[in-house]
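Novice: Please see the structure below; I have some questions.
The values are calculated or read from the model by the stated rules, or taken from the named source; none is laboratory data. Please read these numbers as outputs of a predicted model, since none were measured by experiment. For neighbour counting, all protein chains shown are included, and Cβ atoms are generated from backbone atoms with ideal geometry for every residue, glycine included. Only protein heavy atoms, including side chains, enter the accessible area calculation; ligands, DNA and RNA are left aside. Shrake-Rupley method; radii C 1.70, N 1.55, O 1.52, S 1.80 Å.
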Amino acid sequence: MNLPDLGALYSHHVRVLAQRADEALARGGFDHLVIPSGTLHYQMFDDRDYPYAVNPNFKAWLPLTKVPNSWLVYTPGKRPKVIFHQPFDYWHVVPDAPNGWWVEHFDIEIIRTPDQALALLPADAARCAILGEPQSTLGAFAPNNPEPVLAYLDWHRAVKTPYEIALMRQAQRLGVRGHRAAEAAFRAGASEFEIHMAYCSAVGQDANELPYGNIVGLNEHAAVLHYTDLGKTAPQPLRSFLIDAGASAFGYASDITRTYATTGHDEFQALIDSVDAAQQQMCAGVRAGVDYKQLHVDAHLSLMGILKDFGVLKVSPEAALATGVSAAFFPHGLGHLIGLQVHDVAGFAASDRGGRIERPQGHPYLRLTRTLEPGMVVTIEPGVYFIDMLLDEVKQCGHGDSIDWNRVDFFRPYGGVRIEDEVMCTEADADNLTRPAFAEA
Ligand code: GLY
Ligand code: MN
Ligand code: MN
């Protein structure tokens, strides 16, 4: 798969991170930034380790996701240092010796045991901002996660460097390979489990490497927002398929959802097509200076317009929004920041000095309340679902008349529709990262 010249992009990326770190350390009053990669965690009363998840602050600097017990040390004005744990171990595959586009930017120290890092970390732990989890503590180097440092770094991490965008585009291409294979498996009558396996095989990543657990729902299962049960038998008859699945590229995530119908289910296909068209309109709304909260509220109105057209809703979109009926059909947020983490940090941050922008009332699951800036990447993932638990509440609240229940009965067996892309905010038009990957696949 073609990657652009990452060397040049990475050189710029490291400069940006160093500038951000300089300011973050100044704000916190620290001399060094120290970031452990994290350690393996073991199951209770067992010698089995959980899947290793690298510290996101570590992989922000380095395209390394499988080197536990390693450290990044940055001191303003100096070359950053990597303390790279490469144990002598004949039980496991050990990390490759450092190689790739990143090595020339770092002083690299190889250690063979975790505690050898102590001699290579800065002299005075008290002068260090140490970002990590408590389990990474080594001697006096206990993560302190200083608030002013994290507030600054997390806030600015929302704006991606061109290097990060290149890797996120790669994560799109990988994910789309999986989506194509998954659709083919669905059309061939595969079970949810088989579709999941087809996806993993096409992407070349298993559950430990994917950025989140695949959501693969057939028929009514499409209504379960985070359905991860993976049934072993395909239901009969097959009507619909919702897949929400991404991929990882050097630690960067994609998060993509598509919904399909089997042939002959024309009205549900038409609903998919309407949500898809509305989703593209919403993607086009990703512009610098736009309040994401407003996009979310506008999405409610747009989706309720569709449900009105399909005869499900009997009142105006505005009335459905005001009474909370719209939230029964669209019960999650329009989207979130994405990057090193599928739900990336600082979605509610008010500034790089902290503070929080609350969600609008009645929208408890929205994960992003910031104003969009060039370089931010967000998901746009509208959906409509037929979820009895939520529709029963509508009745109990006295708004049952807003809905044509025969139409709900008609659509319930399909579960629901969600369409999700990643979109980059630019100085001008929105840049949809996902659609071109489908177009070229
Ligand atoms: N796949 C989880 C989400 O879309 O946020
Ligand atoms: Mn998703
Ligand atoms: Mn998402």
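Novice: So which of N406, N432 is under 18 Å from F310 (Cβ atoms), surrounded by fewer than 22 Cβ atoms within 10 Å (Cβ to Cβ) and not charged (D, E, K, R)?
Specialist: N406
Novice: Next question, about the same structure. Return the residues of region 347-377 that are surrounded by 19 or more Cβ atoms within 10 Å (Cβ to Cβ) and among the small types (G, A, S); say none if nothing qualifies.
Specialist: G347, A349
Novice: For region 351-441, which helices (runs of 4 or more DSSP H) that fit wholly inside it have 2 or more residues that are more than 16 Å from ligand 2 (Cβ to nearest atom) and within 17 Å of C283 (Cβ to Cβ)?
Specialist: In region 351-441, the matching helices (runs of 4 or more DSSP H) lie at 435-440.
Novice: If F186 satisfies all but one of (1) in contact with a strand residue (DSSP E or B) (Cβ under 8 Å, 6 or more places away or on another chain); (2) assigned to a loop (DSSP other than H, G, I, E, B); (3) away from ligand 3 (no atom under 16 Å from the Cβ), what's the number of the condition it fails?
Specialist: (2)
Novice: Hey, any hits in region 74-95 for a residue that's among the aromatic types (F, W, Y), closer than 16 Å to P36 by Cβ and in a loop (DSSP other than H, G, I, E, B)? Break it down into steps so the answer makes sense when it comes.
Specialist: Just the residues of region 74-95 that are among the aromatic types (F, W, Y), to begin with: 74, 84, 88, 90-91.
Filter once more, so that each one left must be closer than 16 Å to P36 by Cβ: 74, 84.
Among the residues that remain, those that are also in a loop (DSSP other than H, G, I, E, B) are: none.
Among the residues of region 74-95, not one is among the aromatic types (F, W, Y), closer than 16 Å to P36 by Cβ and in a loop (DSSP other than H, G, I, E, B), which makes the answer no.
Novice: Still on this structure: Taking the condition among the β-branched types (V, I, T), within 16 Å of ligand 3 (Cβ to nearest atom) and part of a helix (DSSP H, G or I), does V275 pass?
Specialist: When the stated conditions are applied, V275 passes them.
Novice: A follow-up question, please. Restricting the first residue to region 68-94 and requiring it to be surrounded by fewer than 10 Cβ atoms within 10 Å (Cβ to Cβ), which pairs with a second residue that is among the basic types (K, R) and modelled with pLDDT of 95 or more meet a Cβ separation below 6 Å and a spacing of at least six or different chains?
Specialist: Partner pairs satisfying both residue conditions: F88/R112.
Novice: Of all residues in region 206-250, count the ones that are within 16 Å of ligand 1 (Cβ to nearest atom), more than 23 Å from E164 (Cα to Cα) and out of contact with any strand residue (DSSP E or B) (no Cβ under 8 Å at 6 or more places or on another chain).
Specialist: 1
Novice: Follow-up. From the list F250, F268, which residue is open to solvent by 20 Å² or more (accessible area, probe 1.4 Å) and of a type in the set (F, W, Y)? Spell out how you get there, then give the answer.
Specialist: Numbers: F268 fails: open to solvent by 20 Å² or more (accessible area, probe 1.4 Å).
Just one listed residue meets the conditions, F250.
Novice: Could we say that L337 is aliphatic (A, V, I, L, M), within 16 Å of ligand 1 (Cβ to nearest atom), open to solvent by less than 10 Å² (accessible area, probe 1.4 Å) and out of contact with any strand residue (DSSP E or B) (no Cβ under 9 Å at 6 or more places or on another chain) here?
Specialist: Here the answer is no, as L337 does not meet what is asked.
Novice: Being open to solvent by less than 70 Å² (accessible area, probe 1.4 Å), more than 16 Å from ligand 3 (Cβ to nearest atom) and among the β-branched types (V, I, T): is that true of I195 here?
Specialist: Values: open to solvent by less than 70 Å² (accessible area, probe 1.4 Å): yes; more than 16 Å from ligand 3 (Cβ to nearest atom): yes; among the β-branched types (V, I, T): yes.
It is true that I195 is open to solvent by less than 70 Å² (accessible area, probe 1.4 Å), more than 16 Å from ligand 3 (Cβ to nearest atom) and among the β-branched types (V, I, T).
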